[in-house]
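> This is the structure I have questions about; it appears just below.
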Amino acid sequence: MTATLARPAERAPAHRTGTALRTAGRWAGALAGAVAIFCVLLLAKGADPVTALGDMVASTFTGASLQQIVVKATPLILAAMAVVLPARAGLTNVGGEGQVVIGAVAGAGVGLVVQGPAALPLMLLAGAAGGALWAGVAAALRLAVGVNEAVTTLLLNYIALDVMLYLIYEPWKDRHGSGQPATRPLEVAARLPLLSGTAIHMGIVIALVAAVAVWLVLRATSFGFKVSVVGGNPEAARRAGLPVARLILVAMLLGGALAGLAGVVHLAGVEFKLRPGLTTNVGYVAFLAAWLARHKPLPTVGAAFLLAAVTVAGDSLQLDSGLPAATVNVLMGLVLLAVLGWSRRAHR
Amino acid sequence: MRKIITGAALAVLATACSANTAGTATPASGGTVVPGKGSTAVGFIFVGPKDDYGYNQAAYQGSQEVAKAFPNLKVITAENVPEDDNAARVMNSMIAKGAKIVFATSYGHLDAALKVAAEHPDVVVVQQGNLITGSAPPNAGTFFGTVYEPVYLAGIAAGRATKTGKLGYVYAFPISQTIDNIDAFELGARSVNPSVKTYAVNTSSWCDPAKQAEAAANLLKQGVDVITQHQDCTATVIKATEAAGAMTVGYHADASAIAPKGWLTGSQWNWGPLYSDIVRTALGGTFTGSKYNGNFRVGYKTGDNPFVQSPYGPLVDDKTRRLIEAAKDTLKSGSPFAGPVRDQEGKVRIPDGTTPDYETIEKIDYFVEGVVGSLPKS
Amino acid sequence: MLIVDVLTGGVRGGTAIMFAALGETLAERAGVVNLGTEGCMLVGALGGYAVAAETGNPWLGLLAGALAGALLGLVHAVAVVWRRADQFATGLTLMFLGLGLTSLFGAAYVGKAAPGFDPVPLPVLGDIPVIGEILFRHDPVTYLTFVAAPLLWFALNRTKAGLLVRTAGERADVLHVHGYSPGLIRTVAVTAGAALAGLGGAQLSTAYAHAWFEGMTAGRGFIAVALVIFAAWRPLWVVAGSYLFGAALAVAPALQARGQSLNQFALDALPFVITLVILAVLGRRTLRAAPEELRRVFAR
């Protein structure tokens, strides 16, 4: 973990089931604490926590809501993989947001020009390339002049947004639209097909395949092993003769490509037009999803689903309980804090 | 733990895929669907917080008047709904809770509104402020007031009141609604004071108070002595203007309380009657083919504009009030954009003797003569 | 003159960022990054405005803003220092938490009137041509930063407390040997730093914008974090960086109010591009200045 103050944890030689039980207990305790604090806040706002949470759960387990969770989780999974992969190489990629935007921009650019069946695959490629390029800037700065990538990726997020706004307000604006700052919609051939009878698009398949691929690469390839060595101890990796700079660069580029893919998949699966607010925090939420699962690829998929579910369930806090929209951010923040800080023993 | 999370994710996925399109009502084949009829609830989505003291608060107040007028209807509201597919998701949730009438109140909600309308032929979906190009689906429509008309009238007050001949306009983004407002403001001011100029400064945000403060400070520094704005939150600019001893033309709400000295007039919303009439039409089953089933615009020419003039402040003299009353009468048969209208280069864009219709005005993409500032080229 | 207006705007707009960046400097000199500065500024902005509105005293508001920031900072410190949570992830979580909490409890204060700080030109100094206009015709909170930055420099470099903070950031184990707790020192530094961020937020709402609105910090907290590195962890360079950033933000309105304009979106991106370019140019030089314990976080 790149940024913990803790040295690598020494595992207590405890009995396995005992450890598992204790871990589960700690998780339950942390989550219960978060929910309890949330309930107190709801009471302070004059809402009945039992009804509010009950409605929230009830409205989540309907067919339509579950489909929406999958749709929301799709870009989150991809963008979270863009955090996982660089993290294994010891890098903190906070730039998912910008890479997602540039991926969508690149994909839309191709979609506006290319017609017919070639459009979709080319868009996906362009999106991945765009995201990789954006992450590549941060990686290059890190390798060439040693500037920390957490800071540069953060700054690049803002620049990416301005690039997109410029394009949709000026050169790419739909002249036949109603003056809205947006590109014209993608052709039907350039859209991702839906799973029959649902609102879920094929992007989820791409996302799950990507997640499994990341898992396999990290687990079963020599590249994955080398990256983990670099992430674990770059000095030792250097002494062992590993091409540290190249490994860092590749991990970051691959990560950026995945985030770019998230952007273009969301564009081609749901939005169809490039418009302001296309991503609404996908990059940041994905960053937290990856941390929630401690950068393990498959649990990260689960965490992405969990955070997508919290967002969708959060609608109910407004619609049923009449609470402000941002209430769901409080719940998310408390849950994350509990998991980050209180779901395991703090090694001192 | 990891297995539990992964397993849960797979379960969600499986259920979601196998679930048929629950909540998506399919129209009875062959039978006619009457959108909106028999609805037990009405949904409203807002792009910003419902207490922003501006655009969204006005829309929220309108929804509360609907609640008062139709006590048997449940009014469901959602704030901070982004202008992307999230809007469709929230509207669908409202429909799942029984709403067959949905108001999408932000300009950028149009695409989502049309998508939801296509999926739910039994639901009336109306969008506030944007324009459906092409033909409207039988269960959809847009509605708006002619916002630029009261802004034109306020421009008259500003043109009469300014001592420096410089007016300021703080705006967010160059969308057509805003361009219309800036143009109308200058046209109104010019109609009584031909040399007056309007300086347009944008903030690239519907509400970033710090950027607004900077915009106002710079306008004031340049000798502008009347400032108005097209922002979702308006307090910062008004307070800065008042503190500098300059004059304010309001937007969205009557803010004369925070500018007791410099308040001239302004424009504010009164959505209740229009919202209620749309709901009444939909509940009665007569939405399709009605005036709301298309791009409904209402201005001084056609009826009760939901965008009304704010009360006057102490600086507006009797002569100005008479001029404004006279202009209002002219608008009942004319338009602020009645030709000749010249653009910044002096080129005639609307010829003498022409009165453009609402749709033409909503597609204006240039600043008129007398506006200082430039628009992005597209 | 355009340049005078841009620089004046730089001081006006740079002040809130400077408070936050000074606070972040303090935290990072002790070895902890607080990416949640954005959240701390937000709670400070609301706390400041709300208390000013309720009590009618903007100074009390300022105090409340600092306190609110400190509380959120304490959460960060406890999670990161004592519970070993990841700094970046916790910081980002704090941002969401700040956004949510202020929106939940801030609605009542949108559009509500509250007493604030108006510009008070300083006698004599304010009359100096050019410099007087740029520096000495602002609100009292802006003048506070003129004192705060040198004070922080002095405290860090010339006092025992400063030595302890710096040692916590450079060689934490040395503190152990001398019987000090690096964890405690870090907790205090992070909390105090967050109080400064809260103060910056309160300046934004009570002195600059004279309003509260949810999300009104609009990324300024993140900028502050980037500025600290750009300033190589030195308080006095933070001053320069904050004003530079403020000035970059002030270019667009200053030009437009004169009827001139450059590409709007290029201008919006300018402050971020400038920061990025400066980081790239300073490069390894800034890194060498990094507190030792932070280098483990920043460059491995």
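The values are calculated or read from the model by the stated rules, or taken from the named source; none is laboratory data. Every value quoted in this text rests on a predicted model; they were computed, and no experiment measured them. Don't worry about glycine lacking a Cβ; one is built from the backbone with ideal geometry, like all the others, and counts go over all protein chains shown.
> State whether one or more residues within the stretch B:163-171 are part of a helix (DSSP H, G or I), modelled with pLDDT of 95 or more and among the small types (G, A, S). If you could, list the steps in order and put the result at the bottom.
Keep residues of the stretch B:163-171 that are part of a helix (DSSP H, G or I), which gives none.
Within the stretch B:163-171, none of the residues are part of a helix (DSSP H, G or I), modelled with pLDDT of 95 or more and among the small types (G, A, S).
Each row is one residue, and each column tells you yes or no for (1) closer than 18 Å to B:P273 by Cα; (2) surrounded by 18 or more Cβ atoms within 10 Å (Cβ to Cβ); (3) more than 14 Å from the chain's Cα centre (by Cα).
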{"residue": "B:G43", "(1), (2), (3)": "yes, yes, yes"}
{"residue": "B:F46", "(1), (2), (3)": "no, yes, no"}
{"residue": "B:D51", "(1), (2), (3)": "no, yes, yes"}
{"residue": "B:A78", "(1), (2), (3)": "no, yes, yes"}
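> Restricting to the stretch C:205-223, name every residue that is of a type in the set (A, V, I, L, M, F, W, C), within 20 Å of C:A247 (Cα to Cα) and assigned to a loop (DSSP other than H, G, I, E, B). Break it down stepwise before answering.
Filtering the stretch C:205-223 down to residues of a type in the set (A, V, I, L, M, F, W, C) leaves C:207, C:209, C:211-213, C:216, C:218, C:222-223.
Next, only the ones that are within 20 Å of C:A247 (Cα to Cα) stay: C:207, C:209, C:216, C:218, C:222-223.
Scanning the stretch C:205-223 gives C:A209, C:M216, C:A218.
> Is there a residue in the stretch B:319-331 that is modelled with pLDDT under 95, assigned to a loop (DSSP other than H, G, I, E, B) and on the phi < 0 side of the Ramachandran plot?
no
> Another question, if that's okay. From B:G339, B:G285, B:G289, B:G303, which residue is touching a Pro at 6+ places or on another chain (Cβ under 7 Å), assigned to a loop (DSSP other than H, G, I, E, B) and not β-branched (V, I, T)? Break it down stepwise before answering.
On the way: B:G285 fails: touching a Pro at 6+ places or on another chain (Cβ under 7 Å); B:G289 fails: touching a Pro at 6+ places or on another chain (Cβ under 7 Å); B:G303 fails: touching a Pro at 6+ places or on another chain (Cβ under 7 Å).
The unique qualifying residue is B:G339.
> In the stretch C:83-137, what residues are touching a residue at least 40 places away in the same chain (Cβ under 8 Å) and on the phi > 0 side of the Ramachandran plot?
C:G111, C:V130, listed by residue number.
> Looking at the stretch B:295-309, can you tell me whether even one residue there is surrounded by 20 or more Cβ atoms within 10 Å (Cβ to Cβ), among the basic types (K, R) and in contact with a helix residue (DSSP H, G or I) (Cβ under 8 Å, 6 or more places away or on another chain)?
Yes, some residue in the stretch B:295-309 is surrounded by 20 or more Cβ atoms within 10 Å (Cβ to Cβ), among the basic types (K, R) and in contact with a helix residue (DSSP H, G or I) (Cβ under 8 Å, 6 or more places away or on another chain).
> Return the residues of the stretch C:2-37 that are of a type in the set (D, E, K, R) and within 30 Å of A:L337 (Cα to Cα); say none if nothing qualifies. Talk me through it step by step, then tell me what you get.
Filtering the stretch C:2-37 down to residues of a type in the set (D, E, K, R) leaves C:5, C:12, C:24, C:28-29.
Matches in the stretch C:2-37: C:E24, C:E28, C:R29.
> Now a separate question. Please specify each residue of the stretch B:121-134 satisfying the condition of being touching a residue at least 60 places away in the same chain (Cβ under 8 Å) and surrounded by fewer than 24 Cβ atoms within 10 Å (Cβ to Cβ). Spell out the reasoning first.
Kept after step one, since they are touching a residue at least 60 places away in the same chain (Cβ under 8 Å), are these residues of the stretch B:121-134: B:121-124, B:126, B:128, B:131-132.
Once the filter is applied, which keeps residues that are touching a residue at least 60 places away in the same chain (Cβ under 8 Å) and surrounded by fewer than 24 Cβ atoms within 10 Å (Cβ to Cβ), the stretch B:121-134 yields B:P121, B:D122, B:L131, B:I132.
> Which one of B:V170, B:V224 is over 19 Å from the mean Cα position of the chain (by Cα), within 14 Å of chain C (Cβ to nearest Cβ) and buried (at least 23 other Cβ atoms within 10 Å of the Cβ)?
Values: B:V170 fails: over 19 Å from the mean Cα position of the chain (by Cα).
After ruling out the rest, the residue left standing is B:V224.
> Further, regarding this structure: Here is a check on your reading of the model: is A:L156 within 12 Å of chain C (Cβ to nearest Cβ) and surrounded by fewer than 22 Cβ atoms within 10 Å (Cβ to Cβ)? Even if it seems obvious, please write down each step before you answer.
Details: within 12 Å of chain C (Cβ to nearest Cβ): yes; surrounded by fewer than 22 Cβ atoms within 10 Å (Cβ to Cβ): no.
So A:L156 does not fit the description; no.
> If you don't mind, there's one more thing I want to ask. So which of C:L175, C:L104, C:L99 is more than 23 Å from the chain's Cα centre (by Cα), of a type in the set (A, V, I, L, M) and within 14 Å of chain B (Cβ to nearest Cβ)? So that I can check it myself, show each step before the final result.
Numbers: C:L175 fails: within 14 Å of chain B (Cβ to nearest Cβ); C:L99 fails: more than 23 Å from the chain's Cα centre (by Cα).
So the residue among C:L175, C:L104, C:L99 that is more than 23 Å from the chain's Cα centre (by Cα), of a type in the set (A, V, I, L, M) and within 14 Å of chain B (Cβ to nearest Cβ) is C:L104.
> Within the stretch B:314-328, can one find any residue that is surrounded by fewer than 21 Cβ atoms within 10 Å (Cβ to Cβ), in contact with a Ser or Thr (Cβ under 6 Å, 6 or more places away or on another chain) and touching a residue at least 24 places away in the same chain (Cβ under 8 Å)?
no
> Related question: Within the stretch A:309-327, count every residue that is within 9 Å of chain B (Cβ to nearest Cβ) and under 30 Å from A:W215 (Cβ atoms). Reasoning before the result, please.
First, pick out the residues of the stretch A:309-327 that are within 9 Å of chain B (Cβ to nearest Cβ): A:309, A:311-312, A:315-316, A:318-320, A:322, A:324-326.
Now restrict to residues that are under 30 Å from A:W215 (Cβ atoms): A:309, A:311-312.
Qualifying residue count for the region: 3.
> List, please: which pairs have Cβ atoms under 9 Å, are six or more places apart or on different chains, and start with a residue in the stretch A:203-217 that is touching a residue at least 40 places away in the same chain (Cβ under 8 Å) and end with one that is outside any helix (DSSP H, G or I) and surrounded by fewer than 21 Cβ atoms within 10 Å (Cβ to Cβ)?
A:I204/A:L195; A:W215/A:K296
> Give me the residue from the stretch B:245-259 that is part of a loop (DSSP other than H, G, I, E, B) and modelled with pLDDT of 95 or more and, out of that set, surrounded by the fewest Cβ atoms within 10 Å (Cβ to Cβ).
Start the filter on the stretch B:245-259 by keeping residues that are part of a loop (DSSP other than H, G, I, E, B), which leaves B:245-246, B:253-255, B:259.
From the residues that got through so far, the ones that are modelled with pLDDT of 95 or more too are B:245-246.
On the way: B:G245: 10, B:A246: 23.
Among those residues, the one meeting the criterion is B:G245.
> Out of A:A82, A:A118, which single residue is in a helix (DSSP H, G or I), modelled with pLDDT of 95 or more and more than 9 Å from chain C (Cβ to nearest Cβ)?
Working: A:A118 fails: modelled with pLDDT of 95 or more.
So the residue among A:A82, A:A118 that is in a helix (DSSP H, G or I), modelled with pLDDT of 95 or more and more than 9 Å from chain C (Cβ to nearest Cβ) is A:A82.
> How many residues does the stretch B:47-64 hold that are closer than 11 Å to B:A78 by Cα and part of a loop (DSSP other than H, G, I, E, B)?
Qualifying residue count for the region: 4.
> Turning to a different aspect of this structure: Of the residues C:F272, C:F265, only one is facing chain A (nearest Cβ under 8 Å), part of a helix (DSSP H, G or I) and more than 22 Å from the chain's Cα centre (by Cα); which? Don't jump to the end; show me each part of the working.
Numbers: C:F272 fails: more than 22 Å from the chain's Cα centre (by Cα).
Being facing chain A (nearest Cβ under 8 Å), part of a helix (DSSP H, G or I) and more than 22 Å from the chain's Cα centre (by Cα) holds for just one of C:F272, C:F265, which is C:F265.
> Out of the stretch A:13-66, which residues are assigned to a loop (DSSP other than H, G, I, E, B) and closer than 16 Å to A:L331 by Cα? Break it down stepwise before answering.
So the first thing to find is which residues in the stretch A:13-66 are assigned to a loop (DSSP other than H, G, I, E, B), and the list is A:13-15, A:45-48, A:61-62.
Hits for the stretch A:13-66 are A:K45, A:A47, A:D48.
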